[in-house]
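The values are calculated or read from the model by the stated rules, or taken from the named source; none is laboratory data. Fair warning: this is a prediction, and the values are worked out from it, not measured in the lab. Cβ placement follows ideal geometry from the backbone for every residue including glycine, while neighbour counts extend to all protein chains displayed. Side chains included, ligands, DNA and RNA excluded: accessible areas come from the protein's heavy atoms. Shrake-Rupley method; radii C 1.70, N 1.55, O 1.52, S 1.80 Å.
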Amino acid sequence: MPVSPQLVLPPAGSAIWRRDFLFGAATAAYQIEGATEVDGRLPSIWDSFGAVPGNIANGDTGAVACDHYHRYADDVALLAGLGFSAYRFSIAWPRVIDENGRLNPKGVAFYQRLLDKLDERGIAPYATLCHWDLPQHLQDRGGWLNRDTSLRFADYADQISRALAGRVRGWMTLNEPWVSAYVGHAEGRHAPGLRSPRYAVEAMHHLLLGHGLAVPALRANDKAPVGLVANVNGVTAASDSAEDQLAARRAHANNNLWVLDALFKGQYPEELRQLWPDAIAPVRDGDMATISVPLDFVGINYYFRAVVASDGGHGYVVQQTPGVERTQMGWEVHPDSLRNLLVEFHQRYPEMPPVYITENGMASDDRVQDGRVHDEQRIRYLGRHFAAIDQAMQQGVDVRGYFVWSLLDNFEWAYGYDKRFGIVHVDYTTQQRTPKDSALALKSFFQQRAERA
Ligand code: FCB
């Protein structure tokens, strides 16, 4: 049997070797739970979006996914067996709140059972309140284009944090509001499938307002730290030309600063007006102060870099540079961008709280051979990103932990089940889980860490 390649790790003095640097794995409700019509769960915008032919590769849906709703105990045992000390999961809003805005006890009971199992195994739970699966009945009233959805979100946060008070180690309000707003409302590749930057700008404001209203509700009910999870990506100009440099600044503002400037400066970047002159955020008095409420931590999700050029107008286009390493998604592997972004944010935002890397990982076309999955590219990817985080910490960035995306292969949104991000392989016919070599390499790192402590 071939020996698993080892992770190339930062030197012994690095903070990632310290036991208080948290290592976790991440998942999201719609991507793994399945059981979409069980115990009173209501439809989400992803059920509706997936029902439209052509929206999702192969016509895949999250109806079964990894059947985690029924297999959660085994999945927690797997997580513990690999030596993780934390788990980031999301709570399905349409599972726990009914159409009248009241708690659905059966849905809540699922998360109580999950938390019991995590507790038994000593794994610290980090719960995301909305990982994109907005209840469809709220979408029917305008979804994130309707300011009332922000209030509904805060009310959901209030009720679920009362029900689960004392049980989680951290609350994360929204996952990647940029993707909900932009990919869902301007590009239309995600639910709800709208296609105008004007919608994206409105949706973003209501998403962030919902976050800002949820934070005090969470704090009133529970002592656990509160944060938001933002996705960021590297942006590099395709050339030194003034046009491409300007395009890159605008792309950076769109991809990275839109959410973070709002949270930590209480304003939206000026470049967005230049990109979309007709799109006006529906800001009312006091909104930006609500949105920029101080946080206990910020979650950063990082996967890739984009090289951008001017589109000849006031926008930009992403170029496919040849000769670089890419993943199954076609995403460029570029750990230096993670370091550079962390250092830039640290300098740009004096108000920025401690950082957790809440997602990082890659998809590959993994197959089981003789009970093993040789995912060497992922092992290299993880080691190189650990090094980038270590470098950022050496430059003063306060990074407290890292969650690999993802524990399991799962429903990768519009790509369906073809893109495998797990450190554990899932056979969707049998639901058999097989830890990949990357999972074994992480396990061995966690063991070494425990021995050194
Ligand atoms: C992020 C999402 C996560 C997963 C990864 C690959 O944008 O938060 O659910 O799809 O990308």
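Of note:
- Qualifying position, being modelled with pLDDT of 95 or more, in contact with a strand residue (DSSP E or B) (Cβ under 6 Å, 6 or more places away or on another chain) and more than 22 Å from Ala124 (Cβ to Cβ), among Val404, Val426, Val399: Val426
- Helices (runs of 4 or more DSSP H) completely within segment 256-370 that count 2 or more residues being within 16 Å of the ligand (Cβ to nearest atom): 258-265, 335-348
- Some residue of segment 126-149 being open to solvent by 20 Å² or more (accessible area, probe 1.4 Å), in a loop (DSSP other than H, G, I, E, B) and within 16 Å of the ligand (Cβ to nearest atom): yes
- Residue-level analysis places Asn175 outside the set of residues that are touching a residue at least 12 places away in the same chain (Cβ under 8 Å), surrounded by fewer than 21 Cβ atoms within 10 Å (Cβ to Cβ) and within 22 Å of Pro294 (Cβ to Cβ).
- Per the conditions (1) more than 16 Å from the ligand (Cβ to nearest atom); (2) closer than 16 Å to Leu7 by Cβ; (3) open to solvent by less than 10 Å² (accessible area, probe 1.4 Å); (4) outside any helix (DSSP H, G or I), the sole criterion not satisfied by His374 is (3).
- Within segment 378-396, considering residues that are within 15 Å of Phe21 (Cβ to Cβ) and open to solvent by less than 10 Å² (accessible area, probe 1.4 Å), the one farthest from the ligand (Cβ to nearest atom): Ala392
- Residues (under 16 Å from Pro353 (Cα atoms) and part of a strand (DSSP E or B)) located in segment 380-403: Val399, Arg400, Gly401, Tyr402
- Restricting segment 46-84 to residues that are assigned to a helix (DSSP H, G or I), among the aliphatic types (A, V, I, L, M) and out of contact with any helix residue (DSSP H, G or I) (no Cβ under 7 Å at 6 or more places or on another chain) leaves a set whose member that is surrounded by the fewest Cβ atoms within 10 Å (Cβ to Cβ) is Ala77.
- Each residue in segment 26-44 was checked for being open to solvent by 20 Å² or more (accessible area, probe 1.4 Å) and within 16 Å of the ligand (Cβ to nearest atom), and 0 pass.
- For Gly416: the one exception among (1) more than 12 Å from the ligand (Cβ to nearest atom); (2) open to solvent by less than 10 Å² (accessible area, probe 1.4 Å); (3) at positive phi: (1)
- Criterion (in a loop (DSSP other than H, G, I, E, B), open to solvent by 10 Å² or more (accessible area, probe 1.4 Å), among the basic types (Lys, Arg) and within 30 Å of Phe21 (Cβ to Cβ)) met by exactly one of Arg167, Arg113, Arg195: Arg167
- Test for Val368: is it farther than 26 Å from Met172 by Cα, open to solvent by 30 Å² or more (accessible area, probe 1.4 Å), touching a residue at least 24 places away in the same chain (Cβ under 8 Å) and aliphatic (A, V, I, L, M): yes
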